[in-house]
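Notes follow the structure.
The values are calculated or read from the model by the stated rules, or taken from the named source; none is laboratory data. As the structure is a computational prediction, the values presented were derived from the model and not from experiment. Reconstructed Cβ throughout: ideal geometry from the backbone, glycine too, with neighbour counts over all protein chains shown.
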2 protein chains.
Amino acid sequence: MSKKLPTRQEDYSAWYNELVKRAGLAENSAVRGCMVIKPYGYAIWEKMQRTLDDMFKRTGHENAYFPLFVPKSLFEAEEKNAEGFAKECAVVTHYRLQNDPDKPGKLRVDPNAKLEEELIVRPTSEAIIWSTYKNWIQSYRDLPLLINQWANVVRWEMRTRLFLRTAEFLWQEGHTAHATATEAVAETRQMLDVYAEFAEEHIALPVVKGVKTPNERFAGAEDTYCIEALMQDGKALQAGTSHFLGQNFAKAFDVQFANKEGGLEHVWGTSWGVSTRLMGALIMAHSDDEGLVLPPKLAPIQVVIIPIYKTGELDALIERIRPIQQGLAQRGISVKLDARDTERPGFKFAEWEMKGVPVRLAIGARDLDAGTVEAARRDTKQKLQLPLADVVDSVDKLLNDIQLNIYTKAKSYRDAHTTRVDTYDEFKAVLDGEGGFVVAHYDGTSETEELIKEQTKATVRCLPLNEPDEDGVCIVTGKPSTRRAWFARAY
Amino acid sequence: MSKKLPTRQEDYSAWYNELVKRAGLAENSAVRGCMVIKPYGYAIWEKMQRTLDDMFKRTGHENAYFPLFVPKSLFEAEEKNAEGFAKECAVVTHYRLQNDPDKPGKLRVDPNAKLEEELIVRPTSEAIIWSTYKNWIQSYRDLPLLINQWANVVRWEMRTRLFLRTAEFLWQEGHTAHATATEAVAETRQMLDVYAEFAEEHIALPVVKGVKTPNERFAGAEDTYCIEALMQDGKALQAGTSHFLGQNFAKAFDVQFANKEGGLEHVWGTSWGVSTRLMGALIMAHSDDEGLVLPPKLAPIQVVIIPIYKTGELDALIERIRPIQQGLAQRGISVKLDARDTERPGFKFAEWEMKGVPVRLAIGARDLDAGTVEAARRDTKQKLQLPLADVVDSVDKLLNDIQLNIYTKAKSYRDAHTTRVDTYDEFKAVLDGEGGFVVAHYDGTSETEELIKEQTKATVRCLPLNEPDEDGVCIVTGKPSTRRAWFARAY
Ligand SMILES: [Zn+2]
Ligand SMILES: [Zn+2]
């Protein structure tokens, strides 16, 4: 723990990579582009999963599990979706290995065990799921069908980055079917709201809710809604998407239902997902040059207690600390007592700082005699003397304060880095200067969007929902516009 | 729901297949050998997962996640393990599709996107995990390493059966590393005990704990411990395994640690797993000709309330039922009120019977006026009048009784179908008669074991732990034996 991280200022990218490793979150594996999620990182992901899963169930969804593999003929049924993912598909072609006759002790693919039809490792599950829904849906009474799946998916990527872009990642994918377009759109928007609430209240991550332009839409969707967040290097990150699929998959897989009048109609679909990419957002939005900063609601360890003692006095001190530890645990606070006698307090401080534990309590016999406990906040590094008498209440309140402060800080940063511009020069100057979101009029055409992307590397992150229309002119072509888009360079 | 199941007597196999479908647990998918786990089945699996996960954490394990793919060169490093799984490996050879020039709108594998090294879809994760542990373990201070993973795995199977044998299945796999053989063996045995406790207390499934013969050992293990259960058709089912790996994987992947004296040693390993196969065990052990019978601890719905009413009186009745429903929910009982006005009570009774809900409350206005509620137990089909005044306590007690009764019934069946025999003729007669476990002496050689398997289709399920030695003679060869083995025909 003695070695310092590269600073964000020096090299944001190196800072991120080092932090992910040093905090014990994840590492690269022997498989190109696939990561190992280490126990501490996985514990955070588990907290995310548990919270989201509860939110999905409260909104009426059930979990199920569909196959990892998609036969090629099903995969290609929805053409736009297939085309969108074709270039990043891992393909299973054989189902057996055999001893390599040329290399003793080695194996080779058995040429006689070639599949008649190749299997695609799911990059997303619409195809396999809609081919199943065909058998599950006959009548309006079978609708809505509200299903979610927690799964791994594979999208072959050339340039990968821990959590942010990996060949295999973990996610959830909701897939719902409805009798009307209105209901499906309402579901799409509801799940966007669920994602936004989760991001803001649990990850402490302020997000903009919006709709994607056709260029950035999910392959096979009629509309893609998203939440977009800002990282500390001024780049945006798409943190979740919710798609209105129209009747595209219902038509591709011939999923029809008998309506109340007895007529046959294709059903309307949605799909929505968040992934381990959220881990990347969490890390990049809040952490600092000393390591991870975790919002208390997602911290596997919320409070670490470090005994401060002279040689030989540890056991006696621990006896006095136990009631504090137990009091916190009884309040439902996740607390760890770092009683290692092999490391000095300074080393422990740095280690738990690196791991982003929200509150550190350093407790010595003298403090206890004086009826106080020294607390340190990870977010502000502020130190506080807490009265021993109500240490549990104080810590509980402190955790709430930290959760709120982390959000507020990220929100201030985001607001300070969201710039309205009216000319292309200003647009470029902001991007090359402080970065962040640039809010500008453009003529709404794919051509202009692509031109801007080529010239500035910025994309339309979204057209925000709930923003009033505004007349203006395109910063590039001067053509009329009725709405500002949020642009940014993005992960 | 009107159609009856085939009876167990008529056709046990058809009964099982139909039950799995009709109870909404799982179905076959468009992918050969892969199943879709439907919401009701997945809800049971989730309860299993949650309970097991808590047990793993209480015994000091942490979750992590390792890649789905294993490069062939890593896969073949531990030769016995590789050999054991080589014949059932799905292999990824390509990472891209392209438009098929011969078939517009269709895709084909891009011949230019062939992987330099093939990737095996994990049939089990020892190889990828031990190749990672190499970097995680340097010193005795890094040990023990106690990690579990929840994941999907793929073993290509020719003859598949929902839950019992599928090409893809869900499981957990624990992988631990230790400084000494003694400690690793203790871990192996501890996890066997965890599995046995889970099986008996939650699945209500009596199990025998034992050790496998070398013939039946996990490929790459020094010893395989297992829990074995008996199904209602007299066939055994291996419900969980825990392997002592010795130093095999540590040597294959060169995982060494510096001991306290500064010397280098290879570490000692274990692995242990249970899978969605447990769903098959649960279904087959307890269910009857009317459908599923679920132990209350794993039932997604523990109590279903069915209002009994005359036309027009439903709303008023529901108002009176609500307090009962809320009372049960507050006690932590999972309760569903089936207030559908479109189906008759008899239809609902059959449907919830098929789904195995442990307790059914049929409630009419007249019952409530009389201060009683009619309860029906799913396990015994017994009907009881519960006093309305303490219906929550009564139902709570009833659920405990049911959990216990289901276990006791399965245990009685198992004990009644466990036969000690001393001759090969008796052995065969029992197998061809009532089946079950046949407890017999054999000479302990692989040859005799294989001969018995060929002639009777029975295998050594295990050599039970905690059984006293006993002198005897092999039923086949007449050679001396010091211990009886448990044989059975098995899933
Ligand atoms: Zn957006
Ligand atoms: Zn056994």
Scan of the stretch B:475-489 for residues that are within 16 Å of ligand 2 (Cβ to nearest atom) and surrounded by fewer than 17 Cβ atoms within 10 Å (Cβ to Cβ), ordered by number | B:Arg483
Test B:Ser412 against the criterion of being among the hydroxyl-bearing types (Ser, Thr, Tyr), exposed (fewer than 13 other Cβ atoms within 10 Å of the Cβ) and over 26 Å from B:Met231 (Cβ atoms), and give yes or no.
-> no
Name the residue, out of A:Ala82, A:Ala43, that is over 24 Å from A:Arg122 (Cα atoms) and facing chain B (nearest Cβ under 8 Å).
-> A:Ala43
Flag for A:Val430 being closer than 24 Å to A:Ala23 by Cβ and under 31 Å from the mean Cα position of the chain (by Cα) = no
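Results for (1) of a type in the set (Gly, Ala, Ser); (2) more than 14 Å from every other protein chain (Cβ to nearest Cβ); (3) surrounded by fewer than 17 Cβ atoms within 10 Å (Cβ to Cβ), shown as yes or no for each residue.
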{"position": "A:Leu5", "(1), (2), (3)": "no, yes, no"}
{"position": "A:Arg8", "(1), (2), (3)": "no, yes, no"}
{"position": "A:Lys21", "(1), (2), (3)": "no, no, yes"}
{"position": "A:Ala26", "(1), (2), (3)": "yes, no, no"}
{"position": "A:Gly33", "(1), (2), (3)": "yes, no, no"}
{"position": "A:Val36", "(1), (2), (3)": "no, no, no"}
{"position": "A:Pro39", "(1), (2), (3)": "no, no, no"}
Conditions: (1) within 30 Å of A:Val357 (Cα to Cα); (2) surrounded by 17 or more Cβ atoms within 10 Å (Cβ to Cβ); (3) of a type outside the set (Asp, Glu); (4) under 23 Å from the mean Cα position of the chain (by Cα). A:Asn400 meets all but one. Number of the miss?
-> (2)
Listed residues B:Val208, B:Val194; which is under 30 Å from A:Gln149 (Cβ atoms), modelled with pLDDT of 95 or more and either out of contact with any Cys (no Cβ under 8 Å at 6 or more places or on another chain) or more than 16 Å from ligand 1 (Cβ to nearest atom) (or both)?
-> B:Val194
Count - residues of the stretch B:179-215 that are acidic (Asp, Glu), surrounded by fewer than 18 Cβ atoms within 10 Å (Cβ to Cβ) and in contact (Cβ under 8 Å) with a residue 24 or more places away in the chain = 4
Determine whether the stretch B:152-161 contains at least one residue that is touching a Lys or Arg at 6+ places or on another chain (Cβ under 6 Å) and either assigned to a helix (DSSP H, G or I) or among the hydrophobic types (A, V, I, L, M, F, W, C) (or both).
-> yes
Just one of A:Phe244, A:Phe249 is over 18 Å from A:Met55 (Cβ atoms), buried (at least 24 other Cβ atoms within 10 Å of the Cβ) and within 16 Å of ligand 1 (Cβ to nearest atom); which is it?
-> A:Phe244
Return yes or no: is B:Thr423 within 16 Å of ligand 2 (Cβ to nearest atom), surrounded by fewer than 21 Cβ atoms within 10 Å (Cβ to Cβ) and more than 20 Å from B:Asp223 (Cβ to Cβ)?
-> no
What single numbered condition from (1) touching a strand residue (DSSP E or B) at 6+ places or on another chain (Cβ under 8 Å); (2) in the same structural domain as A:Leu143 (by the TED database) fails to hold for A:Leu97?
-> (2)
Residue count, the stretch B:439-474, condition surrounded by 12 or more Cβ atoms within 10 Å (Cβ to Cβ) and either within 14 Å of chain A (Cβ to nearest Cβ) or within 16 Å of ligand 2 (Cβ to nearest atom) (or both), comes to 16
Residue among B:Ala186, B:Ala179, B:Ala252, B:Ala239 that alone is within 21 Å of B:Arg461 (Cβ to Cβ) and either in the same structural domain as B:Gly280 (by the TED database) or β-branched (Val, Ile, Thr) (or both) = B:Ala239
Hits in the stretch A:299-317 - residues which are surrounded by 15 or more Cβ atoms within 10 Å (Cβ to Cβ), of a type in the set (A, V, I, L, M) and in contact with a Phe, Trp or Tyr (Cβ under 9 Å, 6 or more places away or on another chain) | A:Ile301, A:Val304, A:Ile306, A:Leu317
Can you tell me which residue in the stretch B:219-261 is farthest from ligand 2 (Cβ to nearest atom), limited to those that are more than 22 Å from B:Val439 (Cβ to Cβ) and acidic (Asp, Glu)?
-> B:Glu261
Any chance the stretch A:459-482 includes a residue that's within 16 Å of ligand 1 (Cβ to nearest atom), of a type in the set (Gly, Ala, Ser) and touching a Lys or Arg at 6+ places or on another chain (Cβ under 9 Å)?
-> no
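To keep it simple, each residue is scored yes or no on (1) more than 10 Å from chain A (Cβ to nearest Cβ); (2) over 14 Å from the mean Cα position of the chain (by Cα); (3) surrounded by fewer than 21 Cβ atoms within 10 Å (Cβ to Cβ).
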{"position": "B:Glu116", "(1), (2), (3)": "no, yes, yes"}
{"position": "B:Thr124", "(1), (2), (3)": "yes, yes, no"}
{"position": "B:Ile128", "(1), (2), (3)": "no, yes, no"}
{"position": "B:Asn135", "(1), (2), (3)": "no, yes, yes"}
{"position": "B:Ser139", "(1), (2), (3)": "yes, yes, yes"}
{"position": "B:Val154", "(1), (2), (3)": "no, yes, no"}
{"position": "B:Trp171", "(1), (2), (3)": "yes, no, yes"}
{"position": "B:Thr176", "(1), (2), (3)": "yes, yes, no"}
Within the stretch A:50-74, residues being more than 7 Å from chain B (Cβ to nearest Cβ) and in a helix (DSSP H, G or I) number 10
Condition met for B:Ala77 (under 25 Å from the mean Cα position of the chain (by Cα) and either more than 24 Å from A:Leu170 (Cβ to Cβ) or at pLDDT 95 or above (or both)) = no
Give the residue, chosen from B:Lys106, B:Lys3, B:Lys21, B:Lys57, that is out of contact with any strand residue (DSSP E or B) (no Cβ under 9 Å at 6 or more places or on another chain) and over 30 Å from A:Lys106 (Cα atoms).
-> B:Lys3
Residue ranges of strands (runs of 3 or more DSSP E) in the stretch A:196-259 with at least 1 members among the basic types (Lys, Arg) | A:208-211
Can B:Phe427 be described as among the aromatic types (Phe, Trp, Tyr) and part of a strand (DSSP E or B)?
-> no
By residue number, the members of the stretch B:294-309 that are within 16 Å of the chain's Cα centre (by Cα) and under 25 Å from B:Thr7 (Cα atoms) are B:Leu294, B:Pro295, B:Leu298, B:Ala299
Picking from B:Glu187, B:Glu197, the residue that is of a type in the set (Asp, Glu), under 30 Å from B:Gly24 (Cα atoms) and away from chain A (no Cβ under 14 Å) would be B:Glu197
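Matching residues to (1) within 24 Å of B:Arg360 (Cβ to Cβ); (2) away from ligand 1 (no atom under 16 Å from the Cβ); (3) without any contact (Cβ under 8 Å) to a residue 12 or more places away in the chain:
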{"position": "B:Val391", "(1), (2), (3)": "yes, yes, no"}
{"position": "B:Tyr424", "(1), (2), (3)": "no, yes, no"}
{"position": "B:Gly435", "(1), (2), (3)": "no, yes, no"}
{"position": "B:Glu447", "(1), (2), (3)": "no, yes, yes"}
{"position": "B:Glu454", "(1), (2), (3)": "no, yes, yes"}
Output the residue which, of all residues in the stretch B:94-114 that are at pLDDT 95 or above and more than 10 Å from chain A (Cβ to nearest Cβ), is farthest from A:Asn28 (Cα to Cα).
-> B:Pro111
